[in-house]
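To keep things clear, I will list the structure first and then write my remarks on it.
The values are calculated or read from the model by the stated rules, or taken from the named source; none is laboratory data. Bear in mind that the values here come from a model prediction, so they are computed numbers and not experimental data. So basically every Cβ, Gly included, is an ideal-geometry build from the backbone, and we count neighbours across all protein chains shown. Heavy atoms of the whole protein, side chains included, go into the accessibility calculation; ligands, DNA and RNA do not. Shrake-Rupley method; radii C 1.70, N 1.55, O 1.52, S 1.80 Å.
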Amino acid sequence: MWIHPEEVLLAGPLWVSERANPFFILQRRRGHGRGGGLSGLLVGTLDVVLDSSARVAPYRILLQTADSQVFWSVACGSSRKEITEHWDWLEANLLQTVSIFDNDQDVTTFVKGKILGIIAEEKRLQQGEEPEEDCGKFREAELKMRRLFGMPEEEKLVNYYSCSFWKGRVPRQGWLYLSINHLCFYSFLLGKEVTLVVQWSEVTRLEKNATLVFPESVRVSTRHSEHFFSMFININDTFRLMEQLANIAMRQLLDNEAFAADRSLPKACKTLRNVSALKRDLDARAKNERYRAMFRLTQDERLDGHTDCTLWTPFAKMHVVGQLFISNNYVCFNSREEDLCQLIIPLREVSIVEKADSSSVLPCPVSISTKNKMNFLFANLRDRDFLVQRISDFLQRTPDSCWGDSSPLALIGHSASSSVPSPSSAGSDSTHRGRHFHPGLPTASQGLLQLYQQDAPEDLGPKAMKEKMKEEAWNIHFSEFGRGVCMYRTSRTRELVLNGIPECLRGELWLLFSGAQNEMASHPGYYGDLVETAMGVCSLATEEIERDLHRSMPEHRAFQNATGIAALRRVLTAYAHRNPGIGYCQAMNIVTSVLLLYCPEEEAFWLLVALCERMLPDYYNTRVVGALVDQGVFEDLTQGFLPLLYEHMQQLGVISTISLSWFLTLFLSVMPFDSAVLLVDCFFYEGIKLIFQVALAVLHDNMDALLSCSDEGEAMTILGRYLDNVVNKQTVAPPIPHLHALLTSGDSPPPEIDVFDLIKSSYERFGSLRSDVIEQMRFKQRLKVIQSLEDTAKRSVVRAMMTESAFSIEELEELYCLFKAQHMTSCYWGSSSSAAERHDPSLPYLEQYRIDPAQFLQLFTALAPWLCGGHTPSLAARLFRLLDQNQDGLVNFKEFITGLSGMCHGDMTEKLKLLYKLHLPPALCAEEAESALEATHFFTEDEPRSEEGKDEGADSEEKKDVQVKDYRYYLRMWAKEKEQKTETIKDLPRMNQEQFIELCKTLYNMFSEEREEQQLYHAIATVASLLLRIGEVGKKFNNGGGRKTEAAQAPPTASQTPPAVSQAPSTTYLTPPTIYQAPPTDTQSPSPVDLQAPPPDDPEAPPPDALCRALAEAQLEPAAGSDEEARDDGSVSSYSVVSASSLACEDLADDTVLVGGGQQRPGSGLDADWSISFEQVLASLLTEPPLVDYFEKKTDVRDKMAACNAKRAVQRQISSASEQEITQHST
């Protein structure tokens, strides 16, 4: 590439001159290419260690003048070919021109101007392309990564670091390259090269540790190996990036969604040295995630910036030091001291933002006022003007009111929120008549508990008074700290939550603390429209919902009637429609039932959204990954806090059994309702750490009893009885019977445990748990859980395919890994279809991963034994269509193994049957299906109208009887379709001439790499000739009655068209026209004439002239021609003429059905009556021992799989070798 001319003082020490003229020198870096000796090894090592650009561009061109000692570099290149092109251009265009200059300074000025002009022109031509943000140094590193590891351009480098890779006990200093999908390492020290490539999706463990052997190292573990890296400049930064990339890979395994760069990321003010745009993107994502988790904000919220400041707190009469965060919809504050103060101000609530007067006590203050008359004063802001301007910009983009959303989901909008007044009663009735959800529903404005307690007499007992005192305490808190989203959240707020939220405030505060209130306010009308869209749509999720509706808190009277059940159905169905990736999972019904008790329907829906998508991520997907991850975290916490109990519980295998139900239902299914709902209060305020604390407290309280247990059942009974007796002595609601307690109660129930004491002890003993530590532990467990699920899926697939294929367990496991790798590679390197279309987690394991035709071709070429050279893509496409039974353009693993097993391990009949079917259209085509449907309608719907004498009653009875018969008929037909059909060779349709020609082409291309190639060519020529004669004989036998019968069945046309060419009414697939010529050899090369002439050792074969006449009658070659003329033309045979005549016709589309006309097509020599059966093909091939041996031979696929696995390494070797090429350009 041309580069900006740079001054070079020393041209010789590390470079070797290869070409020179009076003005230019072409040089090669020492150590690059062949030879180099010790100096080359030293230079190569130096380049790697110091990350020299010469590793990317080992060739360069210098400008020199006779009187100057200074050189100018004008071009560099990564290969000899590239640099030679630049050299040739300089000699052709500049050398003669600069030779006429008298002054060396003029030469230098002219050449530099010319090079700069070329660079400017290249930039002008690239203006339409996306501009590159990365600096030149980083682009060099990315080119180096692609060259060293054979990566395509789609693989984007995120960052690279200098470090040591421990190979054995010897550290190898080199460079670690972290891309979106791979971890790569390269080292070159004194001739010893080390190359490592690890896919992030294969990583099972990633941890940072410090030992005596590996100080401050990072360990990367896969299923088969461990790698240690150390001596980083900043190991924490490197490890955080590695965690992010591994998380992205795990997300791909879960959702199969490729990584998409954030195009809306603002451009950097200046190009940052050695920091890529992707690194900035990932850093921004990490900050956004921490920001959203800290303040429970929606998933689309992006942090714009943060700054240090102080907040005036009127309740404490003091300035609190902390950080101010600004995003597109919120201004948030968090104190430096934990739990001292937290504040969330939605911009939709802001009325005024202004700069207050500065003073020595209050420097650079900013005042923010809200619509509910609250005022917040921030001070000590370093860049106040810029901050106020940013907030003003975001305010301008904020709608005037929370109902200003003009999205389609808001068109029916206002009815969905109870806070919006409904129109007049008449208008409301007419507007909402027929809708599933409207403000008139009882559950639209209040929770089920309030609905069923509104007529109850007022309770004046001590528990009721205690509840009144709680309400009063919260009212005092609201008057002092504010109410609603903008409330100051302090340690006092936590104390009130731990003491229990009053029932009348529970729904409001759940909505506030979970962040669901913000999401509901920003999506007005969304729930109502979603219910209308989702109701009536039948799916697997709706069927599961209907099955579980009456199992959701059946002991509570709110769900013993149609009102509660209908509300539960609407919420669950709406969420299943909103998030098809989750749909519905058991335990969602229990949690949603509790939400509906305290919240109106729409609020319960948004609380469920907050739970499933933010507070309990991945808990309720198809494989409950999130719950399994937290189960692993709980085991690690138990090991850390209760080590003795952990060892004993691991022996019993109890922890994994008990914890899953605790986490999935937030203890609602294992504790009395009044007690569990207090844990839900704390959970919405504290998050998942509260559940971990309580779970550890439960184990701690039962430690002595659990240590004395001898089996799992005894431990389960102890924990179950303990949780059944956790009571809430302050509840005012009537007791709700707990089914689990009723079933497990014994003669002597254990003492009751106050739930408030349990919560208090959990904070006292395990309150040191931190959310960031839990997230770190979650990452570690996520790798383990997802890879364990992938291994389980692989074992299930292998176990299911063992009986359906002849491959061994090891071969099936390796094939599954290759099939999945092909799918995963296309996820991040592109494919003709999106990964989401090709992966459906709801399907069985055998059918989850699917590949498209392009991916299938790659696997077919790498693994299939039937390779046909240039004909291979055509054969792979036919096999793909044959295996694609549901015609969706995708093939799953089961279908792929079925085809590959038939080719590799089937007997001769199975292989020939597969090969025969590859040259026939599908058994059932669209035309046949339509004709069958028309016939069914004709016999079932159209009644004879000539019997007018019958009365209407008799007519209706007859129609009813016909309909009943039709119903039963279709049931029988459906049952017959579901039966497993065993296909025999007699079920295969006959093959016409055009299909026979394609079969011959495939066979001729199939033997090109066999040792007995000549014998196989001769054998197939003999078989083809025999089958031609068999088809001729069959035509003569069937020419009489068969033609009349077919003509009678064919639909009459104006020209009375004869029957179709293909006897099986189906689609015909054609390949591009090619005429095969046998490969020339020195001895006994089977010429094309072999197809025409019978074998010499066949005494009963007809003479050549008789065969020619038969072929002429079959219209396989032009009639009129003597036997001598045919023999004289040695390059033309009957097969050649058949190919030419059949393939000279125009190309047909894939769905074309060949139908014979009154006259043959111009240039076509096909015979409509000629056909052969599979039995005839099989019998003919059995006469040739070479063909029998070929098709009876079993193929070992292990070598091909090993070659496929080593393909990337081979590509890297080829890539490296291409840079060391010594071409003829240098001579």
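Below are the figures for this structure:
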quantity	calculated
Residue within segment 581-588 that is out of contact with any His (no Cβ under 7 Å at 6 or more places or on another chain), part of a helix (DSSP H, G or I), touching a residue at least 24 places away in the same chain (Cβ under 8 Å) and open to solvent by 10 Å² or more (accessible area, probe 1.4 Å) present	no
Tally, over segment 840-880, of residues that are charged (D, E, K, R), at pLDDT below 85 and part of a helix (DSSP H, G or I)	1
Within segment 773-822, considering residues that are touching a residue at least 24 places away in the same chain (Cβ under 8 Å), part of a helix (DSSP H, G or I) and polar (S, T, N, Q), the one farthest from Leu637 (Cα to Cα)	Gln822
Residue satisfying all of: in segment 151-196; in contact (Cβ under 8 Å) with a residue 24 or more places away in the chain and of a type in the set (Gly, Ala, Ser); nearest to Thr222 (Cα to Cα) among these	Ser179
Conditions (1) under 19 Å from Phe1191 (Cα atoms); (2) out of contact with any Cys (no Cβ under 8 Å at 6 or more places or on another chain); (3) open to solvent by less than 10 Å² (accessible area, probe 1.4 Å); (4) at pLDDT 85 or above: number failed by Phe893	(1)
Qualifying position, being at pLDDT below 90, within 26 Å of Asp304 (Cβ to Cβ) and not β-branched (Val, Ile, Thr), among Cys402, Cys341, Cys364	Cys402
Residue match in segment 162-170 (condition: in contact with an Asp or Glu (Cβ under 6 Å, 6 or more places away or on another chain) and part of a strand (DSSP E or B))	no
Conditions (1) at pLDDT below 95; (2) more than 26 Å from Arg551 (Cα to Cα); number of the one not met by Phe692	(1)
Any hit, segment 614-623, residues being over 29 Å from the mean Cα position of the chain (by Cα) and of a type in the set (Asp, Glu)	no
Segment 620-631 residues that are polar (S, T, N, Q), paired with ones that are assigned to a helix (DSSP H, G or I) and crowded, with 21+ Cβ neighbours inside 10 Å (beta carbon under 6 Å, 6 or more apart)	Gln631/Ser659
Search result, residues across segment 474-511 that are under 42 Å from the mean Cα position of the chain (by Cα), within 24 Å of Glu337 (Cβ to Cβ) and without any contact (Cβ under 8 Å) to a residue 24 or more places away in the chain	none
Residue in segment 315-323 that is surrounded by 19 or more Cβ atoms within 10 Å (Cβ to Cβ) and touching a residue at least 12 places away in the same chain (Cβ under 8 Å) present	yes
Single unsatisfied condition, Gln342 versus (1) farther than 23 Å from His477 by Cα; (2) open to solvent by 10 Å² or more (accessible area, probe 1.4 Å)	(1)
Test: residue in segment 627-637 that is within 19 Å of Tyr763 (Cβ to Cβ), β-branched (Val, Ile, Thr) and within 35 Å of the chain's Cα centre (by Cα)	yes
Out of Glu813, Glu764, Glu775, sole residue that is under 30 Å from Ala1206 (Cα atoms) and among the acidic types (Asp, Glu)	Glu813
Matching strands (runs of 3 or more DSSP E) fully within segment 322-400 where at least 2 residues are within 41 Å of the chain's Cα centre (by Cα)	330-335, 342-346
Cβ pairs under 9 Å, 6+ apart, first in segment 1194-1207 and touching a residue at least 40 places away in the same chain (Cβ under 8 Å) and more than 16 Å from Gly902 (Cα to Cα), second open to solvent by 60 Å² or more (accessible area, probe 1.4 Å) and hydrophobic (A, V, I, L, M, F, W, C)	Ala1203/Val1210
All positions within segment 610-622 that are in contact with a helix residue (DSSP H, G or I) (Cβ under 6 Å, 6 or more places away or on another chain) and open to solvent by 10 Å² or more (accessible area, probe 1.4 Å)	Pro617, Asp618
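Residue-by-condition table, conditions (1) open to solvent by less than 20 Å² (accessible area, probe 1.4 Å); (2) in contact with a helix residue (DSSP H, G or I) (Cβ under 6 Å, 6 or more places away or on another chain):
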| residue | (1), (2) |
| --- | --- |
| Val350 | yes, no |
| Val353 | no, yes |
| Phe378 | yes, no |
| Arg397 | no, no |
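A quick yes/no check of all residues on (1) under 28 Å from Ala141 (Cβ atoms); (2) at pLDDT 85 or above; (3) surrounded by fewer than 20 Cβ atoms within 10 Å (Cβ to Cβ); (4) out of contact with any strand residue (DSSP E or B) (no Cβ under 9 Å at 6 or more places or on another chain):
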{"residue": "Pro58", "(1), (2), (3), (4)": "yes, no, no, no"}
{"residue": "Leu63", "(1), (2), (3), (4)": "yes, no, no, no"}
{"residue": "Glu85", "(1), (2), (3), (4)": "yes, yes, yes, no"}
{"residue": "Asp88", "(1), (2), (3), (4)": "no, yes, yes, yes"}
{"residue": "Leu95", "(1), (2), (3), (4)": "no, no, yes, no"}
